[in-house]
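Trainee: Here you go, one structure.
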Amino acid sequence: MWRRPPRLSRQGKTRRPWRCSVLVVIFALIFFCFCAAPASAATWTARAQPARLVNGAPVLFQVRPPVKLASLTGTWLGHQITFTYSPATKMWFALAGVSFETNPGKYALELSGKRAAKIATTPMTFTRTFAVAHKQYPQIKVPLTVEKKFTEPTPEQQQQIAEGIKIKDDYLNRVTPSREWDGEFAAPANAAISDVYGSQRIFNGKAQRPHYGLDFRVPTGTSVAAMNSGTVLLARFLYFEGNCVVIDHGQGLLTLYFHLSEIKVKEGDLVKRGQEIGLSGGTGRATGPHLHVAVRWQGAYLDPARLMEMPLP
């Protein structure tokens, strides 16, 4: 009826059940593992938009790291990309692309982030693989006729072509560090499309490279608007492109507007989406009045139509 008094050790202290000691050890181990686990072993989220990547298409990468970062960079298809943090989504984003020549396969997005802590630490790294599929672009083999000087140029004209190539190699391969584009890319003109990205071009019976732009069917004198915010990189006449304007949207992303009848901006100007930059025409190697628009990302030409369809932050 009476409870047995607890047993005493030789020192006169009460013995505690062994189960308590085991539980204490288990909880201590769990706490230690939780606190000591490196952040790099925690969960990263990395996704691509669109979900199905194809050659010639732009891609928006969105990343959510496991800890707060001060900066995030990455490598994709041999290109360096810089991410921007969005407080609204609490994710880092970067606009990149897949070149027309990229073969189908799986390619790695390699990420490197610097922690927000004041004390310098080893950068966090993470790798995610994305599949790239092959896109069958339209093969529109329509014979077109242009002036002979564009298919069989004289030595003097060849010199002009060489000068234009040098200018494009210098300007179009520049990669400025800051992002200037903001939000979605808008159409440069309200008009029907006369030729699409990736189609085969034939001039005077000679096959040319694939069409790396988007053609708008507009008459001469139609207003041409900037597709997004940026800085005017080029605003001059070139042999094949005619009167052209190139806008630098930052981080290697450019939009190009060819065959203009008139240029309304000058190099170095800051422009906003929708701002008039020129009037359409048929200068340069053109079969008639139209607007040719191209999108170039770090040397790779991407499909402008796909870029305009993307919802961007």
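Trainee: Do the conditions hold for Ala57, that is, is it in contact with an Asp or Glu (Cβ under 6 Å, 6 or more places away or on another chain), open to solvent by less than 40 Å² (accessible area, probe 1.4 Å) and either closer than 23 Å to Gly213 by Cα or without any contact (Cβ under 8 Å) to a residue 12 or more places away in the chain (or both)?
Mentor: The answer is yes for Ala57.
Trainee: Scan region 295-310 residue by residue and report those that are surrounded by 22 or more Cβ atoms within 10 Å (Cβ to Cβ) and in contact with a Pro (Cβ under 8 Å, 6 or more places away or on another chain).
Mentor: Listed by number, the residues that qualify are Val295, Trp297, Leu302, Asp303, Leu307.
Trainee: Out of all the residues in region 179-193, is one or more part of a helix (DSSP H, G or I) and among the charged types (D, E, K, R)?
Mentor: no
Trainee: Being open to solvent by 50 Å² or more (accessible area, probe 1.4 Å) and within 16 Å of the chain's Cα centre (by Cα) is the filter here; which residues of region 161-181 pass it?
Mentor: If the condition is that a residue be open to solvent by 50 Å² or more (accessible area, probe 1.4 Å) and within 16 Å of the chain's Cα centre (by Cα), then Asn173, Arg174, Val175, Pro177, Ser178, Arg179, Glu180 are the ones that fit.
Trainee: Right, next: Out of region 269-283, which residues are of a type in the set (Gly, Ala, Ser) and open to solvent by 50 Å² or more (accessible area, probe 1.4 Å)?
Mentor: Passing the criteria: only Gly274.
Trainee: Now for a separate question. Take the conditions farther than 21 Å from Asp182 by Cα and either open to solvent by 30 Å² or more (accessible area, probe 1.4 Å) or not aliphatic (A, V, I, L, M) (or both) and apply them to Gly288. Does it pass?
Mentor: yes
Trainee: A follow-up question, please. So which residues in region 211-230 are open to solvent by 30 Å² or more (accessible area, probe 1.4 Å) and among the β-branched types (Val, Ile, Thr), if there are any at all?
Mentor: Correct list: Thr220, Thr222.
Trainee: Is it the case that Ile140 is at pLDDT below 95, within 30 Å of Arg52 (Cα to Cα), open to solvent by 60 Å² or more (accessible area, probe 1.4 Å) and over 21 Å from the mean Cα position of the chain (by Cα)?
Mentor: The answer is yes for Ile140.
Trainee: Step by step: first the residues of region 65-90, then only those that are more than 22 Å from Glu180 (Cα to Cα) and more than 17 Å from the chain's Cα centre (by Cα), then the one that is most open to solvent (accessible area, probe 1.4 Å). Which residue is that?
Mentor: Lys68
Trainee: Has region 233-240 got any residue that is surrounded by fewer than 24 Cβ atoms within 10 Å (Cβ to Cβ) and touching a Phe, Trp or Tyr at 6+ places or on another chain (Cβ under 6 Å)?
Mentor: Yes, there is a match, as at least one residue in region 233-240 is surrounded by fewer than 24 Cβ atoms within 10 Å (Cβ to Cβ) and touching a Phe, Trp or Tyr at 6+ places or on another chain (Cβ under 6 Å).
The values are calculated or read from the model by the stated rules, or taken from the named source; none is laboratory data. A quick note: this is a predicted structure, and the numbers were derived from the prediction, not measured. Reconstructed Cβ throughout: ideal geometry from the backbone, glycine too, with neighbour counts over all protein chains shown. Ligands, DNA and RNA are excluded from the accessible area calculation, which covers all protein heavy atoms including side chains. Shrake-Rupley method; radii C 1.70, N 1.55, O 1.52, S 1.80 Å.
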